[in-house]
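Undergrad: What follows is a structure written as structure tokens; I'll ask about it next.
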């Protein structure tokens, strides 16, 4: 049964159609329903490419400082390290699919936990930063969602140490048990 997650801040309904485990690590396939004005912050990925396939309505993609408007049937692939974001530029809900290659079980965890924390009121701001810094560290690790921000650059060298500490303190196990259908 597909896993469905709701995010009231980005106005997303995300359904994981194919997990990394189901594709033997080849890809993760996610279908997203996005309301008007919904979207995510500018970011980039180091571990996976992201292919966008609009299904219903026009998908906006901010890519390397340019705005792209993709109708149903179009396809756009964001390479590693390229700065981007997706959004709904219209006044009706849209649906698109995102294919992450290779498969990303960490991103699947990221989505489940982040959307759960947002829904439970455990984040602040439009960038959905968890109040608990151990939660934030785990999300950064799982999601490979990189941002060009001084705080992020400051914490990046400490990330692996903080991830290990977060795990030892039981945060990872607790978050996955609470928010992810195992």
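Undergrad: Give the residues of the stretch 136-182 that are modelled with pLDDT under 85, assigned to a loop (DSSP other than H, G, I, E, B) and buried (at least 17 other Cβ atoms within 10 Å of the Cβ), sorted by residue number.
TA: First, pick out the residues of the stretch 136-182 that are modelled with pLDDT under 85: 145-160, 181-182.
Now narrow it down to the ones that are assigned to a loop (DSSP other than H, G, I, E, B): 145, 147-149, 181-182.
Of everything in the stretch 136-182, just one residue is modelled with pLDDT under 85, assigned to a loop (DSSP other than H, G, I, E, B) and buried (at least 17 other Cβ atoms within 10 Å of the Cβ), namely 145.
Undergrad: If only one of 29, 100, 6, 34 is touching a helix residue (DSSP H, G or I) at 6+ places or on another chain (Cβ under 8 Å) and surrounded by 20 or more Cβ atoms within 10 Å (Cβ to Cβ), which one is it?
TA: After ruling out the rest, the residue left standing is 100.
Undergrad: Within the stretch 99-123, can you find the residues that are in a loop (DSSP other than H, G, I, E, B) and in contact with a strand residue (DSSP E or B) (Cβ under 7 Å, 6 or more places away or on another chain)? Steps first, answer last, please.
TA: Taking the stretch 99-123 first, the residues in a loop (DSSP other than H, G, I, E, B) are 102-104, 120-122.
Hits for the stretch 99-123 are 103, 104, 122.
The values are calculated or read from the model by the stated rules, or taken from the named source; none is laboratory data. Worth saying up front: this structure is predicted, and the values here are computed from it rather than measured. Quick reminder, even Gly has a Cβ in these numbers, built from the backbone with ideal geometry, and neighbours come from all protein chains shown.
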